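Below is one structure; the comments refer to it alone.
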Amino acid sequence: MNDRQPADVLDLAAVGIGPFNLSLAALADGVPGLAFAAWDRRPRYDWHPGLMFDWATLQVSFLADLVSLIRPTSRWSFLNYLVEHDRMYPFYLAERFHVPRREYADYCAWAAAALPGCHFGTEVEAVHWDAERALWELRLRPTGEGGAAAPAVRHARNLALGVGTEPVLPPPLAALAGERVFHSGEYLGHVERLERAGVRDVTVVGSGQSGAEVFLDLLRRQRAAGWSISWLTRSWGFAPLDYSKLVLEYTTPAYMRYFHGLAPEVRDRLIASQWQLYKGIDTETIDLIHAELYDHLLDGDRPPVTLLPATAVLDAERAGPGVRLTTSHADTGGRAERTTGAVIAATGYAARRPACLEPVADLVRWDAQGRYEVTEEHRVRTAPEVTGGLFVQNAELHTHGAAAPDLGIGAYRSALILNAVCPAAAFPIPRRTAFQTFGPAKQEDPGAEFGA
């Protein structure tokens, strides 16, 4: 669309509106003269509805909101949300550092509905590189009632991908996906149907936070539903997240910068070994589960509950309306078969390559495993002819470590992106974020690595 005027060109376009691109939109709203827009195919903001338990809390501080760790005076802060909803004094008296998950989701929905740059009900169906104009070209298609309308076209100097991750089902379970085998991210949309169907046995696979919350909810429904419950994990145990203060420094910008400078094979090894930074269960949930299990013991008449650590699912097949699982024990190598009425797979999420990027896939630099090559500033490496910026949010676990999916890094990463595309933004970037020196010590300059 070469007839478009320069005024129609965006400085920054964002694909997807999850918490991270929403942070980008919130900080961008305070940059004078910045032309910004973000699109999402969903009709409205909706964050993990399948796991939105009334009792679940956020695993990070309320300060890990859209803006506060970079610009706490922004009108889009969580504290300002409380003021606008007349909840500041009740929140103050509640002394909650970890807020209810549904409150955080409502806060994000409040911001998403009011931010002028956020557009829902519109899919970015294709991205092209306009070499003549040195701009990204985005083809937009309405997904609501106007879905049949002709696609529109917008141009942008820079592009940020925040399409999120997608649920992962292990191959044996993926082949059976449906009403009786589904990912934990869909749990609340399925569980009542399982109750109505009279399912007598339910199995949860996976022992991260989602698996723990699903297991706890199934336990709390057990008296009414009358089902037996099994909880399997291939890990050595149902282990907690490590929330100790010095370990939490591994989710700070200081460690993220250090991690990025390591060799790719070292980074992959560390990610595998640091799983308790982002895959464990918070201790409060573990305590609630143990209390429920103790009540189960006192009741004496409930259906059985079985917890099986070090147990991996090798195969799965239909068994009437249910599923037959073949499992293997990590320590003994012993195999077993068990039949269950339903399987809920809390087996995590993985970064995905958005379909809209396919037209320019050959212009993107990929590593040996098909992942983005990402600079320290979260910019994707591209072919030399691509002069526009291409940035990613929460697709760089392999290059930036355990901090990449952490909500506490959202505002920091967004500030880096905005500073790169609009130097006038000049967001202050915190340097003192960790006490530890993650690289080799510099004896001649004690303390120089603090926060570096």
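Data overview
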{"item": "Given (1) open to solvent by 30 Å² or more (accessible area, probe 1.4 Å); (2) farther than 24 Å from residue 51 by Cα; (3) touching a Phe, Trp or Tyr at 6+ places or on another chain (Cβ under 9 Å), index of the condition residue 98 fails", "result": "(2)"}
{"item": "Enumeration of residues in the stretch 399-444 that are of a type in the set (A, V, I, L, M, F, W, C), buried (at least 21 other Cβ atoms within 10 Å of the Cβ), in a helix (DSSP H, G or I) and in contact with a strand residue (DSSP E or B) (Cβ under 8 Å, 6 or more places away or on another chain)", "result": "417, 418, 421"}
{"item": "Single residue of the stretch 292-331 satisfying the filter (small (Gly, Ala, Ser) and open to solvent by 50 Å² or more (accessible area, probe 1.4 Å)) that is modelled with the highest pLDDT", "result": "330"}
{"item": "Cβ-Cβ under 9 Å pairs, at least 6 apart or on other chains, the stretch 287-298 side farther than 17 Å from residue 230 by Cβ, far side open to solvent by less than 100 Å² (accessible area, probe 1.4 Å) and among the aliphatic types (A, V, I, L, M)", "result": "288/212; 288/216; 295/219"}
{"item": "Every residue from the stretch 30-80 that is among the hydroxyl-bearing types (Ser, Thr, Tyr) and within 20 Å of residue 251 (Cβ to Cβ)", "result": "57, 61, 68"}
{"item": "Of all residues making up the stretch 218-266, the number that are in a helix (DSSP H, G or I), crowded, with 19+ Cβ neighbours inside 10 Å and charged (D, E, K, R)", "result": "1"}
{"item": "Yes/no for residue 121 being on the phi > 0 side of the Ramachandran plot, open to solvent by less than 80 Å² (accessible area, probe 1.4 Å) and touching a strand residue (DSSP E or B) at 6+ places or on another chain (Cβ under 8 Å)", "result": "yes"}
{"item": "Near pairs, Cβ below 9 angstrom, 6+ apart or cross-chain, from the stretch 76-100 (under 23 Å from residue 31 (Cα atoms) and aliphatic (A, V, I, L, M)) to any residue that is part of a helix (DSSP H, G or I) and open to solvent by less than 80 Å² (accessible area, probe 1.4 Å)", "result": "79/88; 79/91"}
{"item": "Considering residues of the stretch 356-370 that are outside any loop (DSSP other than H, G, I, E, B) and free of Cβ contacts under 8 Å to residues at least 60 places away in the same chain only, the residue surrounded by the most Cβ atoms within 10 Å (Cβ to Cβ)", "result": "364"}
{"item": "Inter-residue pairs, beta-carbon under 8 Å, first on the phi > 0 side of the Ramachandran plot and in the stretch 406-430, second open to solvent by 50 Å² or more (accessible area, probe 1.4 Å) and in a loop (DSSP other than H, G, I, E, B), 6+ apart", "result": "none"}
{"item": "Residues of the stretch 76-93 classified as part of a helix (DSSP H, G or I) and among the polar types (S, T, N, Q), total", "result": "1"}
{"item": "Residue among 385, 373 that is in contact (Cβ under 8 Å) with a residue 24 or more places away in the chain, under 27 Å from residue 252 (Cα atoms) and either surrounded by fewer than 21 Cβ atoms within 10 Å (Cβ to Cβ) or not charged (D, E, K, R) (or both)", "result": "373"}
{"item": "Top-ranked residue in the stretch 182-200 [being outside any helix (DSSP H, G or I) and over 25 Å from residue 236 (Cβ atoms); ranked as most open to solvent (accessible area, probe 1.4 Å)]", "result": "200"}
{"item": "Where a residue in the stretch 10-39 is acidic (Asp, Glu) and its partner, wherever it lies, is assigned to a helix (DSSP H, G or I), with Cβ under 7 Å and at least six apart", "result": "11/421"}
{"item": "Residue 373 being in contact with a Phe, Trp or Tyr (Cβ under 7 Å, 6 or more places away or on another chain) and not assigned by the TED database to the domain that holds residue 208", "result": "yes"}
{"item": "Hits in the stretch 332-351 (condition: surrounded by 14 or more Cβ atoms within 10 Å (Cβ to Cβ) and either assigned to a loop (DSSP other than H, G, I, E, B) or without any contact (Cβ under 8 Å) to a residue 60 or more places away in the chain (or both))", "result": "341, 346, 347, 348"}
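The values are calculated or read from the model by the stated rules, or taken from the named source; none is laboratory data. Everything quoted here is computed from the prediction, not taken from an experiment. Cβ: placed from backbone, ideal geometry, glycine included. Neighbour counts: every protein chain shown. Heavy atoms of the whole protein, side chains included, go into the accessibility calculation; ligands, DNA and RNA do not. Shrake-Rupley method; radii C 1.70, N 1.55, O 1.52, S 1.80 Å.
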